[in-house]
Amino acid sequence: MYRSHNCGQLRATHINTEVTLSGWVQKSRDKGFIVWVDLRDRYGITQLVFDEERTSKTLIEQAQNLGREFVIQVKGMVIERASKNPNIPTGDIEILVSELNILNEALLPPFTIEDKTDGGEDIRMKYRYLDIRRNPVKESLIFRHKVTQEVRNYLSKDGFIEVETPYLIKSTPEGARDFVVPSRMNEGQFYALPQSPQTFKQLLMVGGMDKYFQIVKCFRDEDLRADRQPEFTQIDCEMAFIEQEDILNAFEGLTRHLLKEVNGVEVEKFPRMLYDDAMRLYGNDKPDIRFGMAFGELNDVAQHKDFSVFNNAELVVGIAVPGGNSYTRKEIDKLISWVKRPQVGALGMVYTRCNDDGTYKSSVDKFYDQGDLAKWAEVTGAKPGDLICVLSGDKNKVRAQLSALRMELAERLGLRKPNEFAPLWVMDFPLLEWDEDTERYHAMHHPFTSPKPGQLELLKTNPGDVKANAYDLVLNGNEIGGGSIRIHDKETQSLMFDYLGFTPEEAKEQFGFLMDAFQYGAPPHGGLAFGLDRLVAILGGQETIRDFIAFPKNNSGRDVMIDAPAPIDDDQLTELSLKLNLKS
Ligand code: ASP
């Protein structure tokens with residue numbers, strides 16, 4: 001028996017009990033005649049004491065030779081600690097060791113295994129198994145387990161069945177680039193790893209499994225923007241014989257359950273916002289509504305004066321920064337430089353100070369009088385003491401820029417509180433999105449999403465205006481889930497492929513299996529998928545997903561621990577009938 005108890009378990013009630021513990025040496029303190037060792041395992045830390053007087057000299061020598069992270073087993077008596085440590089649960093006791101076995105020695109770890117470590121990100125990723133011994137990472141993984149456990153409990157209770165779908169599938173254009181896997185048995189042919197189980201879950205609906213879920217890995221070969229992973233996990237769900245309202249209710253229920261069980265937070269019914277309103281009011285399809293600072297569109301009150309910058313702009317739009325009038329000139333200049341950084345890309349920023357006495361002072365006083373500026377304040381909801389920041393230009397660009405500024409200022413003002421949760425449904429996304437590169441419309445969500453009833457005709461004349469039965473669940477400024485009501489008849493699906501620029505042959509080759517299935521009695525269906533990694537991170541009060549993934553990849557998509565990806569042998573290539581044609 002390696003252990004009778006774990007290292008987080010013993011209390012004063014165990015005093016005078018003989019115990020056996022196993023774990024890692026966290027650290028030791030050597031006073032010559034007495035040695036203390038902190039023994040650590042997943043459950044906590046227990047202090048061991050080796051005492052020349054009370055045990056033996058050889059034992060103390062053994063203890064003195066223990067290195068950090070040695071794996072040891074000890075037997076001994078639980079005794080009361082002379083100086084108690086109120087900071088740890090086992091702080092009332094220690095173990096007077098009578099026997100020590102070294103189970104395995106350890107090299108000196110390349111960084112300290114402490115909550116606050118001296119190891120940088122790269123080295124911690126290379127030795128991730130050591131990093132996982134640290135409390136913050138360990139706790140994050142345990143937290144993730146708790147979330148997935150609650151997801152399974154809730155959905156199973158609600159009648160959902162977890163079904164696995166294949167990882168070796170066929171390459172289909174779902175939006176991102178596929179990872180492909182060569183097939184040895186089928187020369188010259190490739191599988192693709194799923195970007196999501198989308199078509200399979202729809203086929204499960206045709207198969208009559210009317211409530212499906214799966215906690216599943218998805219793979220997308222995208223250039224990795226900050227905090228994305230090439231493989232990530234979804235809570236993937238689909239339901240049949242439902243309307244949009246049923247889906248929203250089901251998954252609002254799940255999210256509310258998680259917030260309650262995991263965070264102890266009760267949330268009211270989730271507000272809903274149309275996509276168009278989200279863009280107009282927050283410049284963003286995933287607005288953080290924990291705080292105000294909604295956009296005020298100023299075209300009506302700021303154009304047609306003598307200020308040509310505004311007159312020539314498609315959109316003039318501002319936000320009121322609470323208490324912002326206290327910013328010094330220098331601070332405002334810094335803000336202007338911030339919005340002009342290439343990452344944000346604004347050409348400049350106009351501002352108006354809202355003085356406590358109700359007067360205004362703006363950077364464009366030459367063109368606007370007090371009455372004009374009072375209208376700006378009214379539209380942006382600015383109060384005395386606030387600062388109105390105004391950007392102008394191309395509508396889409398300027399919305400994105402002001403949205404970035406809004407988030408930055410909220411961060412600086414401490415308005416993005418990690419322990420506050422503000423979920424929101426964003427509804428009625430556009431069906432299609434114009435792609436500048438290919439000069440074509442693409443499905444904004446995916447090609448299986450149905451247009452809003454009665455809008456199919458509009459596809460011919462104003463494709464960009466067609467709205468979809470598509471919805472996103474947003475939490476604290478992050479999209480945590482998204483889905484749609486699907487097309488479930490062959491004609492509409494073929495029509496959709498046609499509008500998306502697929503020839504009938506291409507559509508048949510890539511999605512023939514789905515359209516065939518639709519001819520055999522496909523029920524109305526729809527669903528959504530949550531991004532589990534991000535959901536867990538946000539519930540955990542953080543925004544970076546890496547700490548919640550046991551073995552994440554870095555920004556270049558590499559696993560630096562196992563050093564992947566890596567070349568393969570010529571023999572393997574030959575077996576796969578592959579020849580390399582490397583660019584460098
Ligand atoms: N498959 C979709 C996605 O990965 C989610 C859904 O429509 O259910 O975004």
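Between the listed residues G253, V309, M407, the Cα displaced farthest toward the positive end of the dipole of the chain, a dipole computed from Cβ unit charges relative to the Cα centre, is found at M407. Taking amide hydrogens as placed 1.01 Å from N in the peptide plane, the amide H of F70 sits under 5 Å from those of V25, A106, each at least 5 positions away in sequence or on another chain. For GluC sites (Glu not before Pro), the sites in the stretch 283-377 that DSSP calls loop and that have at most 13 other Cβ atoms within 10 Å are E314.
Considering every Cα-Cα pair within the stretch 70-159, what fraction, in whole percent, is farther apart than 24 Å?
Of all Cα-Cα distances in the stretch 70-159, 52 percent exceed 24 Å.
Can you give me the orientation-averaged projected area of the convex hull built on the Cα atoms of the stretch 1-128, in nm²?
8.1
If only the Cβ of Lys and Arg carry +1 and only the Cβ of Asp and Glu carry -1, the dipole of the chain around its Cα centre is close to 1540 debye. Of the cross-linked pairs K126/K217; K75/K116; K126/K157, those separated by over 32 Å at the C-alpha level are K126/K157. Quick one: of K211/K260; K467/K490; K260/K553; K269/K397; K201/K452, which pairs are farther than 27 Å apart, Cα to Cα? Going by Cα-Cα distance, K260/K553; K269/K397 fall outside the 27 Å limit. In plain terms, the residue of M407, M561 with the fewest other Cβ atoms within 10 Å comes first and the most crowded comes last, giving M561, M407. Grab the other residues whose beta carbon is less than 12 angstrom from that of R341, score K and R as +1, D and E as -1, and report the net. Charge balance in the 12 Å sphere: +1. Counting Lys +1, Arg +1, Asp -1, Glu -1, what net charge surrounds Y327 among other residues with beta carbon under 13 Å of its beta carbon? With Lys, Arg at +1 and Asp, Glu at -1, the net is +3. Taking the number of Cβ atoms within 10 Å of each Cβ as an exposure proxy, the fewest-first ranking of H14, H145, H525 is H145, H14, H525. The HN-Hα couplings worked out from phi for the stretch 349-356 by the Karplus form 6.51 cos²θ - 1.76 cosθ + 1.60 (θ = phi - 60°) are 8, 9, 9, 9, 7, 9, 6, 4 Hz, whole numbers, x standing for Gly and Pro.
Modelled this way, with points 7 Å down the Cα-to-C-beta line, the labels at E61 and S98 are 2.2 nm from one another. Distances between placed amide hydrogens fall under 5 Å for R486 paired with S450, H525, G526, G527, all partners being 5 or more residues away or on another chain. Summing +1 for each Lys or Arg and -1 for each Asp or Glu, what net charge is found among the other residues whose Cβ lies under 12 Å from the Cβ of F190? That sum, taken over residues with Cβ under 12 Å, equals 0. Couplings for the stretch 357-363, taken from phi via the Karplus curve 6.51 cos²θ - 1.76 cosθ + 1.60 with θ = phi - 60°, read 7, x, 8, 10, 9, 10, 6 Hz in order; Gly and Pro are left as x.
Determine the relative contact order of the chain: mean sequence separation of Cα pairs under 8 Å and six or more apart, normalised by residue count, in whole percent. Relative contact order, the chain: 13 percent. If you take the Cα centroid of the stretch 377-452 and the Cα centroid of the stretch 509-569, the two points sit 25 Å apart. Amide H contacts of I161: K211, Y212, F213, each under 5 Å away and 5 or more positions distant or on a separate chain (H built 1.01 Å from N in the peptide plane; Pro and chain starts excluded). Using C-alpha pairs under 8 Å with a sequence gap of at least 6, the mean separation divided by the residue count of the stretch 291-413 gives a relative contact order of 37 percent. Candidate cross-link partners of K57 among the aspartates and glutamates, defined by an alpha-carbon separation under 15 Å and a same-chain spacing of 8 or more, comprise D30, E99.
Across the stretch 284-289, coupling constants 3J(HN,Hα) worked out from phi with the 6.51/-1.76/1.60 Karplus curve, θ = phi - 60°, read 7, 8, 9, x, 7, 9 Hz, and Gly and Pro carry x.
Most simply put, the chain has about 95% antiparallel DSSP beta bridges, counting only bridges with both residues inside it.
Fewest to most neighbouring Cβ within 10 Å: what's the order for W434, W376, W36?
Taking fewest neighbouring Cβ atoms as first place, the list is W434, W36, W376.
Read the figures in this text as sums done on the coordinates, not as results from a lab. Note that the coordinates shown come from a computational prediction; the quantities given were computed from them, not determined experimentally. A quick note on method: Cβ atoms are made from the backbone with ideal geometry, for glycine too, and the neighbour counts reach across all protein chains shown.
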